[in-house]
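A short worksheet on the structure shown next.
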Amino acid sequence: MMSDVRQAWRMIGRMPGLAAVVIVSLGVGIGVNTAVFSWIQAMVLQPIPGVADASSFQLVEPRADTGSYPGAAWLEYLDLRGRLRTLPALIAFRAVPLNVGDGGRPERTYGLLVSGNYFSALGLRPALGRFVRPDEVERAAAPVVVISHSYWQTRFGGASSVLGRTLRVNDRQLTIVGVTPERFQGTVLMVAFDLWVPATLAPELFAGSRELEDRSQRGYSVAGKLAPRATRASAQTDLDVAMRQLAHDYPETNKAIGADLLAFWQAPHGPQRFLVGALAALQGIMLLLLLAVCGNTANLMLARASARYREVGVRLTLGAGPRHVVSLLLTENLMLALLGATLGAAIAVWATDAMRAVPLIGSVPVKFQTRVDGVGLAFALGLGVLCGLIFGVAPAAQLARVDPQAALRSGARTAGRSPMRNWLMAIEVALALVVLMTAALFVRSFSDTRDTDPGFRREGVLLAAYDLSGRNVSDAAVRDFANRLLGRLRALPGVESAAIANAVPLDIHGLPLRAFTLEGRARSDAAPERALSNIVTPGYFKTMGIPLRTGQDFAAFDDGTTPPQAIVNEEFVHRFLPNAEPLGRRLENRDRRYVIVGVVRNSLNDSFGEKPTPVMYFSYRDRPSVMGQIHVRTRPGTESLLGPEVERVVRDLDPTLPVYDVRTLTDHVEKNLFLRRIPARMFVVLGPLMLVLAAIGIYAVVSYSVSRRTTEIGVRLALGATARRVVSQIVRETLSVVGIGALAGWLLMFMVALHLLGGVISLPVFAGVPAVLLLVAAIASWLPARRATSLDVMVALRQE
């Protein structure tokens, strides 16, 4: 084995150009695959950073009859904890925004309301102090808080004296009792939290909260590990029995509620639901890229093998067996592949950091703890070994069958045409075309998306948020605050209009989906009609630049005579009132009736590329919301300058109310594109690289082929053939093989577009990419053919 390694190293040293091409191409292919795998690993294998065996945790997700997952109620969690024997030590947690600090500048942060067994069930040990005890999560909850390691370092300098200090959270003094481990960031996938407080403190932190006794108030996540010898099937059965019993005992809140047992990474809400599909698709495309690289490398090594017939003939004549030849060649290829894997691991480390640096959406503290660890390195090396075997078997098998006497008689020259090389070239071209067309579709989709009209004017709008949920304020007080705030904002110099909404379109949370009934339209109890909803103030549509198609805007805040109002979008009318007049029609939601007073243009709500979706808009006057997203319109290009002025206005009204997540609407929209931006950026680099690799592979194969056919070319030239005719024949032979592969790849992409992309065929992609690939193939085959015909005919005839 050591002899083979030394010999293989010497042979690699004799072909530095070819070795460099193989190592770099494999390095890129393995690197991007390992980078994507590191993200999948972070979500599937290690979904809770800092927790051992995190992938074994299961989620208990209550499921409504509409298919949505509203979360569990606190009392429901207590019931399940006592009834599920296959899921002992169930934990519960709920993400909440919190205001931390004294005085006029409280800080906005995010925390988790947790059950008493939360930390013990996760198997965590505190970095400092202790965790919340079960006895502290009782009816009279202890005013304690656990802080994150990063919060401890950044806010308290990592001092051990932090234990026992108080932290003002939502105007309640909480005592710091512990610090979480460094890597632990919470139990919502990819979201980092700073504070953990007992769930039973909710009524004190959020005035008016009834979640501890009201079963209709949902939002908790429930998770746990399977009991020894329990299976997912038995746990699901156990869960179904428990949910049927709860439906019987509490029909008002649980009659139409079931539950699913899901792996932790399958959480149906939160940012991870946007990532899973994108990462799976990206990993599949990257594996196709690597397979194309392997096909290209196999062809290069086959072409190289044709120049080693004399060497192999000598080895076989001196007593080496075919098995030794195979061993030697596989060792060479595996060494090249491992060098490529080493380069790929380095590229993966860089690419993982680059992907993590892409700006994310809004104020939600999304944090990706992706890294290339031992598992990632093993993945890279495994791909390297697999690639080495894939592209090494064909040339090894070809040379092992060499007749030593024929090889010595013919020297290093063999026939230039090889069916195996042609097949490999066709497969390589087909895979390359699939990758190139996929890259082009991603980049074009990203470019088109950025230019898509979202239905509102993004330029010139500043966004900022506030939250009154931690205060004991009445609806009238919330309404009055919003009215006074808008009056101050509209009076600012340069402000054209201002409004407040409960949610911003294209946010990671999405708009809530609400059931409704419509006057004059029959309702099916089995499938209640639902539409997205938002709560907005008068002037919202003017501020956002959403045209009013018919009707009027909402009544003013101080109008006490007009009945509750609603405004719907065009898709709502198209779907639910196709042949009826929408204005004046009554709409019922949450046992309250509203009159439709206007219809506005469709606009994007949850994500780019979505189909038109029905939307209901309610007025802040009728449904005041404690959480507000400020919208201020000014002259485009100057909106970012309004940030300090908006903060000053809010401070003047309430010095203790924090303003957070100040950003322009343009930046907010751009951040929604981060899932498209990652593959688009990768393909901008990988697309041209794939073209270069295909060109190198075709050039090398044709170059080796014509070098083996030097005598044949010399004879043809001596008999009167023109150089142009010889070159055109070689190019034509190459393009016939390339064309077959390109046609196969094109047909595959056509079927994918027909069945998976809704039949949308992009002419520039489906016509332009194959044309570019064929042009590159023609140039790559013309260069070595032209060089071969420039040789002196007598020199060519003397070569045997």
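The values are calculated or read from the model by the stated rules, or taken from the named source; none is laboratory data. Since this is a predicted model, take the numbers as computed values, not measurements. Here the Cβ positions follow ideal geometry from the backbone for every residue, glycine too, while neighbour counts run over all protein chains shown. Calculation scope for accessible area: heavy atoms of the full protein, side chains included, ligands and nucleic acids excluded. Shrake-Rupley method; radii C 1.70, N 1.55, O 1.52, S 1.80 Å.
For residue 20 and residue 750, compute 0.36 nm times the residue count separating them, minus their Cα-Cα distance, and round to one decimal in nm. Numbers along the way, then the final one.
Values: separation 730, 0.36 × 730 = 262.80 nm, distance 3.49 nm.
Taking 0.36 nm per residue and subtracting the Cα distance, the gain is 259.3 nm.
Remark: accessible surface ordering of 332, 138 (largest first) is 138, 332, probe radius 1.4 Å. The three principal axes of the Cα atoms in region 146-195 give end-to-end lengths of 29, 24, 16 Å, sorted in falling order.
Per residue, the accessible area of the chain comes to 42 Å² when a 1.4 Å probe rolls over the protein heavy atoms. Reported value for the chain: 205 Å³ per residue, from the convex hull of its C-alpha atoms.
Quick one, can you get me the convex hull of the C-alpha atoms of region 550-665 expressed as volume per residue in Å³? Can you show the working numbers first?
Working: hull volume 18.4 nm³, N = 116.
Cα convex hull per residue, to the nearest whole number: 159 Å³.
Here is the P(r) of region 428-552: all C-alpha pair distances, binned every 5 Å from 0, give 2, 7, 11, 14, 14, 14, 11, 9, 7, 5, 3, 2, 1, 0 in whole percents.
Based on alpha-carbon atoms only, what is the radius of gyration of region 621-743 relative to the globular estimate 2.2 N^0.38 Å? Could you put the intermediate results ahead of the total?
Values: Rg = 32.7 Å, N = 123, 2.2 N^0.38 = 13.7 Å.
My calculation over the Cα atoms of region 621-743 gives 2.38.
Give the cross-link partners of residue 542 among the lysines, using a straight C-alpha distance below 27 Å as the criterion and excluding same-chain residues fewer than 8 apart. Cross-link targets: 611, 671. Shown are 781, 327, whose ranking by accessible area with a 1.4 Å probe and every protein chain present, most to least, is 327, 781. Take region 1-86, drop everything but the C-alpha atoms, weight them equally and run the Debye formula without solvent; then report log10 I(q)/I(0) at 0.11, 0.21 Å⁻¹ to two decimals. Calculated log10 I(q)/I(0) at the listed q: -0.63, -1.05.
For region 184-256, the direction-averaged projected area of the alpha-carbon convex hull comes to 7.3 nm².
Electrostatic tally near residue 618: other residues with Cβ closer than 11 Å to its Cβ, Lys and Arg +1, Asp and Glu -1, net +4.
With q set to 0.11, 0.14, 0.20, 0.21 Å⁻¹, the log10 of I(q)/I(0) for region 48-138, from the Debye formula over equal scatterers at the Cα positions, is -0.43, -0.68, -1.19, -1.26.
Here's how it looks for residue 565: its modeled amide H is under 5 Å from those of 595, 619, which are all 5 or more places away or on a different chain.
For residue 453 and residue 397, compute 0.36 nm times the residue count separating them, minus their Cα-Cα distance, and round to one decimal in nm.
Values: separation 56, 0.36 × 56 = 20.16 nm, distance 5.75 nm.
Taking residue 453 through residue 397 to full extension adds about 14.4 nm, to one decimal.
Between residue 507 and any residue 5 or more places off or on another chain, the built amide H atoms are never under 5 Å apart.
Taking Rh as the Kirkwood radius computed over C-alpha pairs, what is the Stokes-Einstein D of region 138-228 at 4 °C in a medium of viscosity 1.567 mPa s, expressed in µm² per second? Before the final figure, lay out each step's value.
Numbers: Rh = 14.9 Å.
In µm²/s, the coefficient is 87.
Of 668, 248, the residue with the largest accessible area leads and the full order is 248, 668 (1.4 Å probe).
Based solely on its DSSP helices, what 222 nm [θ] is calculated for the chain when runs of n ≥ 4 H residues each add -39,500 (n - 2.57) and the sum is averaged over all residues, nearest 500 deg cm²/dmol? Before the final figure, lay out each step's value.
Working: 24 runs with 388 residues, N = 800.
So the calculated ellipticity at 222 nm is -16000 deg cm²/dmol.
Taking amide hydrogens as placed 1.01 Å from N in the peptide plane, the amide H of residue 367 sits under 5 Å from those of 191, 192, each at least 5 positions away in sequence or on another chain. Using a cutoff of 8 angstrom between alpha carbon atoms and counting only pairs six or more residues apart, the relative contact order for the chain works out to 16 percent. Using every pair of separate Cα atoms, the Kirkwood estimate puts the hydrodynamic radius of region 33-190 at 17.5 angstrom. Each residue of region 656-665 was assigned a 3J(HN,Hα) from its phi angle through the Karplus expression (A = 6.51, B = -1.76, C = 1.60, θ = phi - 60°), giving 9, 8, x, 10, 9, 6, 7, 7, 7, 5 Hz with x at Gly and Pro.
Here's the picture: a label point sits 7 Å out from the Cα of residue 135 along the beta-carbon direction, and within region 106-124 the residues with their amide nitrogen under 16 Å of it are 116-117.
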